[in-house]
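Asker: After the structure tokens below, expect a handful of questions from me.
What follows draws every value from the coordinates through simple rules; no lab data is involved. This structure is a prediction, so every number in the text was calculated from the model and none was measured. Reconstructed Cβ throughout: ideal geometry from the backbone, glycine too, with neighbour counts over all protein chains shown.
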Amino acid sequence: MKTARKLPLVFFAGILCYGPVKSQETVVTPDAVKREFLHAWQGYKQYAWGHDALKPLSKQPRDWYKHSLCMTPVDAFDTMMLLGLKKEATEAKQLILDSLSFDRDMEVQTFEITIRMLGGLLSAYQLDGDHRFLELAEDLGRRLLPEFNSATGMPYRFVNLKTGAIRDSLNNPAEIGTSLLEFGTLSKLTGNPIFFQKSKNALVQLFNRRSKIGLVGSVINVETGEWVDSTSHIGGGIDSYYEYLLKCAILFDDNDCKTMWNESIKAIEACLADTSTGDLWYGQVNMVTGERTGTSFGSLEAFFPAVLSLSGNLSSAARLEQSCFRMWNLEGIEPESINYKTMKVTDGYYVLRPEIIESAYYLYHFTGDSVYRNMGKAFFNNLVKYCRTDVAYAALKDVRTKEKLDQMESFFFAETLKYLYLLFAPPSAFNFDDVIFNTEAHPMNRTRENH
Ligand code: DMJ
């Protein structure tokens, strides 16, 4: 008893999660990931059922807008299917079909609703087959369409789901260029080409406004087509624009997207890649002059090894993932950003982001190298150690102090735990080549048929 009282809480968490544990070095199994998923889902069920998310410290529900959009169940559903959690998938499905409605007089952020909700509903339909998922997706897709009614065809950031009123013409490449996987799949499944056309046009319009050296900036006015911020990078606000160029080329066998990706990656490698420290990083430059303006890198940029490996560039992917892992190990868990020249944390926030795990999964898939499962062991153990609460998982206010925040984003279920599970699952458990994951880890089928 004396010894037991001195043991940190994480020891008891360990016993509950995996049975008696030896240490933080415990082997991670797919079942261990599943148990953590169930732990967090149980918390959502008990304290936030029917709402968008659970606040894991206060144990209160959180809704993004006036009415809940069942964001956590929609985002989590396909992970439950992949993990074989049938009972949980059935209860989530019932909740979604009973209570989710988009006929609401409220303004939503088109990017977030597209990647989490539209992506989640489409993959739910493709995995489960229930037509009501597709009906919800189509209804949502139609309500989002007014976002493209700008003079350039690039989307506004917000749209009212009932009235179609749009707002905010200052948008960024990620929010402009991250909808074609979802809108294109919706066109494929409904037979209505409008979704694909509007979304692809937005992507092309954005690409056409690249600078002479092939880069995009951080903020553009979608009415005038003028750049408002010319900082170029691969991080938040631009990241998934590049991801979708490559993924749409593959999913839709689309030659325009292929050309746009090929041109873009050349510019990224020529201007943004930085090996001046001996490691590979991608920093900030001016989109017009190519002059370096910053040496910041963070948890969002860690998506890039996955994209590089999907494009076939495994050596840069592997090198960058090693840099990302160094970032993770600075404080034992990953910060929002560091200065890679000084290797100091510049923003200590950690919101349970998945990107570094996603990249480890892609690299493990393509190389079979156990180094990525070893990284995964650190990701999993550190998440359990620093972010687990009595009822779920919590973000960290600062990785340097490990102080928790009352926040558990739905992408923790959709992405973080899904990629962790897939990293440790036997390769036969999931056929990677059959799908393209959207940026929220919702798998879109690569079949040509309408399902
Ligand atoms: C997710 O919503 C998506 O992965 C998006 O592309 C970036 N941000 C979060 C996860 O960090």
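Asker: Can you compute the FRET efficiency between residue 105 and residue 219 using 1/(1 + (r/R0)^6), with r the Cβ-Cβ distance and R0 = 30 Å? Round to the nearest 0.05.
Answerer: With a Förster radius of 30 Å, E is 0.55.
Asker: Could you quote the convex hull projected area for the chain, Cα atoms only and averaged over all directions, in nm²?
Answerer: 20.6 nm²
Asker: What number comes out for the charge environment of residue 218, summing +1 per Lys or Arg and -1 per Asp or Glu over other residues with Cβ under 12 Å away?
Answerer: Result for the neighbourhood of residue 218: -3.
Asker: Once each part is reduced to its C-alpha centroid, what is the distance from segment 284-312 to segment 188-223 in angstrom?
Answerer: Answer, in whole Å: 20.
Asker: So what is the relative contact order for the chain, in percent, with contacts set as C-alpha pairs under 8 Å and at least six apart?
Answerer: 16 percent
Asker: Would you pull out the residues with amide H under 5 Å of residue 284's amide H, same chain only if 5 or more places away, H placed 1.01 Å from N?
Answerer: The answer is 293, 294, 295, 296.
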